[in-house]
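Asks: Submitted below is the structure of interest, expressed as structure tokens.
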Amino acid sequence: MKKILAVLFTTVFVLSCKQEKKVEEGPTQMEEVMAIHDEVMPKMGTLSKLVADLKEKVDTTATGKEYEMAMKDLQEANKSMMDWMMGFGDRFDSDEILEGKELSPEKQEWLNEEKEKVEALKEQINTSIENAEALLKE
């Protein structure tokens, strides 16, 4: 009985150590990319609302042209997000994205590229929102 308890205790201890190591390693690069996506995706509704708000103010005046430029920046950010998601989905399957399936060397290179793209996309979305909101406050 003592041997069974000792084996059971050792097994639980070893498994818990392995789980701790995994936690200490931090997120994978795929998880980092998806976290950036998940951070900016909820802002797509804000983009749409701002486009509608700006559209009402577009006219032929200088200020109206500013509204139009801000609206176009928001629309381009929206399009960039849709294009990025489409391209990302074409490059990686659901097991690679959601389950952490190991990537081939080629796909690892693609993931490096996608991380740069999604970081630039985040900047584009945030900047277009900030500019539109500032313009609407004037």
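We did not get these values from a lab; they are worked out from the coordinates using the rules stated. Note that the coordinates shown come from a computational prediction; the quantities given were computed from them, not determined experimentally.
Asks: As a quick test, which of the pairs K79/K101; K49/K107; K43/K107; K72/K101; K65/K107 have an alpha carbon distance above 32 angstrom in this structure? Please list the in-between numbers first.
Replies: Values: K79/K101 29 Å; K49/K107 36 Å; K43/K107 28 Å; K72/K101 38 Å; K65/K107 43 Å.
Over 32 Å Cα-Cα: K49/K107; K72/K101; K65/K107.
Asks: Another question about this same structure. Whole-Hz ³J(HN,Hα) for each residue in the range 78-85, computed from phi via Karplus 6.51 cos²θ - 1.76 cosθ + 1.60 with θ = phi - 60°, x for glycine and proline: what do you get?
Replies: My calculation for the range 78-85 gives 4, 4, 4, 5, 5, 5, 5, 4 Hz in order.
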